[in-house]
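The values are calculated or read from the model by the stated rules, or taken from the named source; none is laboratory data. Since the structure is predicted, the reported quantities are computational estimates derived from the model, not experimental observations. Cβ coordinates were reconstructed from backbone atoms using ideal geometry, including for glycine residues, and neighbour counts include every protein chain displayed. All accessible areas refer to the heavy atoms of the entire protein, side chains included, with ligands and DNA or RNA removed. Shrake-Rupley method; radii C 1.70, N 1.55, O 1.52, S 1.80 Å.
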Amino acid sequence: MDATVAFYAALGFEVGFRDEAWLVLYRGDLMLEFFPFPEVDPQTSSFSCCLRVDDLDALVAACEPVAPVADRGWPRLHLPTVESSGLRIGYLVDPDGTLLRLIHNS
């Protein structure tokens, strides 16, 4: 989980708890939990999570230096757009291939 800690630290997350089977990271009120699943293939998995935030632009700005805007590979960032749902959403794919939907609270 060292790579996960390093990647998310660059986004402003801090370790709240860590052992061999569980990692909890915090960035203000945001909390992410990670569990190792080495058998999951990120290229075929639909695993994802949503982060709903009041300041989407600040979170995206933190992501830009560590995740290039791209349509393939990981890590990568997809800049926010207003989608058909009416929500403004960006996407971050972390180094493990996990998709995070970055949703602006409206």
**Asked** Considering only protein heavy atoms, what is the solvent-accessible area of Val93 at a probe of 1.4 Å, reported in Å² to the nearest 10?
**Response** 10 Å²
**Message:** Based on C-alpha coordinates, I'd like the Rg and Dmax of the chain, in Å.
**Reply:** 13.5, 40
**Prompt:** Summing +1 for each Lys or Arg and -1 for each Asp or Glu, what net charge is found among the other residues whose Cβ lies under 12 Å from the Cβ of Thr4?
**Reply:** -3
**Item:** DSSP-defined beta bridges in the chain - what % are antiparallel, rounded to 5
**Value:** 75 percent
**Prompt:** Does segment 44-103 come out rounded, prolate or oblate, given a ≥ b ≥ c as the square roots of the eigenvalues of its C-alpha gyration tensor, rounded meaning a/c under 1.5 and, failing that, prolate meaning a/b above b/c?
**Reply:** oblate
**Request:** Within segment 37-71, which residues have the backbone N less than 15 Å from the label spot 7 Å out from Glu83 along Cα→beta-carbon, could you tell me?
**Result:** 46-53
**Asked** Over the chain, what percent of the accessible surface lies on carbon and sulfur atoms, probe 1.4 Å?
**Response** 53 percent
**Request:** Might you tell me the accessible area per residue for the chain, computed with a 1.4 Å probe and given in Å²?
**Result:** 61 Å²
**Complete:** Heavy-atom accessible area of Asp96, protein chains in place, probe 1.4 angstrom, given in Å² to nearest 10, is 90 Å²
